[in-house]
1. Quick one: which of 189-200, 5-16 comes out on top by average Cβ neighbours within 10 Å, and what's the full order, highest first?
2. To the nearest 10 degrees, how steep is helix 19-31 against the longest Cα principal axis of the chain, on a 0 to 90 scale?
3. Express the relative contact order of the range 157-277 as a whole percentage, based on alpha carbon pairs under 8 Å and six or more residues apart in sequence.
4. Give me the percent relative contact order of the range 1-148, please, defined on Cα pairs under 8 angstrom at least 6 residues apart.
5. Quick one: compute the contact order of the chain, relative version, from alpha carbon pairs under 8 angstrom and 6+ residues apart, as a percent.
6. Once the Cα atoms of helix 58-87 and of the chain are each reduced to a long axis, what angle between those two axes, in degrees from 0 to 90 to the nearest 10, is obtained?
7. Considering only DSSP beta bridges where both residues belong to the chain, give the percentage that are antiparallel (nearest 5).
8. Can you give me the angle between helix 228-238 and the longest principal axis of the chain, using Cα atoms only, in degrees from 0 to 90, rounded to the nearest 10?
């Protein structure tokens, strides 16, 4: 059965860069997956009255913003189509609309019909972060955060952030398509962040992955004065990791206020592709 990936493209108030097109197509090609790209365009309700229309020409401004959003969406979809064609990736596209406050939730609802969600991330794009949060906690699917500013490359070395928790186990299961392609897997456990369910939890996971035919190493690290997100990402990059797999901690209804430290950290400062699963 062919894997189906879904790329959610943000267009308002900040749009993804076209780099997401090449990265998404590259990931889909490596996975042998089909790609469905969705441009999420804004639909602003008209709440103007006679006075606001006279003084501010609010309806005209709303139409202008919506037109800009659709223009960004069209540009991004065209870029994805070009990259998919060049890479031999099966592609389908879609445009949807949503009010500003519901763009992330609408993206999450549409992504539930696919296997893996893809979303671009950039440090100066809060819209991409909002979409990523909504997908992680509302889609029911693993969400792959892709840097908007750099090439993903070949995902040959997969790093697993492992603490023995339910969400970490869910993330490992969801990462199976990437693990099957990996030439190397490293299981990393941070030992000074919180109590762990055992001293050998990394080795236990590694043994199970080795029995499945994977090449696996383990590592114990300490965060020290760094955030756990920084510690995990820095170690992954140090050992040549191309993808970090980790559980997403948080609560969907209050995700703006209750996010786990590692989840908050990577959403604020992404340094490599990260697969988050809740």
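What follows draws every value from the coordinates through simple rules; no lab data is involved. These numbers were taken from a predicted model, which means no experiment stands behind them. Cβ placement follows ideal geometry from the backbone for every residue including glycine, while neighbour counts extend to all protein chains displayed.
1. Values: 189-200: 13.5, 5-16: 25.4.
Peptide ranking by packing, descending: 5-16, 189-200.
2. 40 degrees
3. Working: 205 pairs, mean separation 39.8, N = 121.
Dividing the mean separation by the residue count of the range 157-277 yields 33 percent.
4. On the way: 290 pairs, mean separation 50.7, N = 148.
34 percent.
5. Values: 583 pairs, mean separation 55.8, N = 278.
Over the chain, the number comes to 20 percent.
6. For 58-87 against the chain, the angle is about 40 degrees.
7. On the way: 4 of 46 bridges.
So the antiparallel bridges in the chain amount to around 10 percent.
8. Compared with the principal axis, the helix lies near 70 degrees.
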